[in-house]
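Notes to accompany the following structure.
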Amino acid sequence: MTIWIWIPVLVVFAWLMWRRRGIPANQLSALMARNPQVVDVRTSGEFRGGHVPGSKNIPLDSLESRAGELDPARPVLLCCASGSRSAMAVSMLKGKGFTDVHNAGPWTALRS
């Protein structure tokens, strides 16, 4: 296949990933009132550089094996640097049976 076929595919994929990141402010406020488990899926180094107080750091590459640290009966709010990794984390947790899982997008959107 030529590059001209892949460019539109990549553009559509990037747009879909961008569109899926984050949740509207009014929904975020309602979700925060439900006392969710806030999980930051960035690397531990990124997390040390700044994070939401009270959030738990479970890097995306460890989430599969560490999902048992989360309570599936409580809402889970996932964040990262841009929203892409947290979008992947949402899919991963839903595949493990979690139902109340949300992508908050960038961790900075959760700062008070």
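Readers should treat all values here as calculations from the given coordinates under stated rules, not as data from a laboratory. Here the structure is a predicted model, which means the values were calculated and not measured. In this analysis, Cβ positions are derived from the backbone assuming ideal geometry, glycine residues included, and neighbour counts consider all displayed protein chains.
Near the amide H of residue 38, within less than 5 Å, lie the amide hydrogens of 56, 77, all on another chain or at least 5 residues away, with H placed in the peptide plane.
Rounded to the nearest Hz, the phi-derived 3J(HN,Hα) couplings of region 87-104 under the Karplus curve 6.51 cos²θ - 1.76 cosθ + 1.60 (θ = phi - 60°) are 5, 5, 5, 4, 4, 5, 5, 4, x, 9, x, 6, 10, 9, 10, 9, 9, 7, where x marks glycine and proline. Counted by neighbouring Cβ atoms within 10 Å, the residues 5, 23, 58 run from fewest to most as 5, 23, 58.
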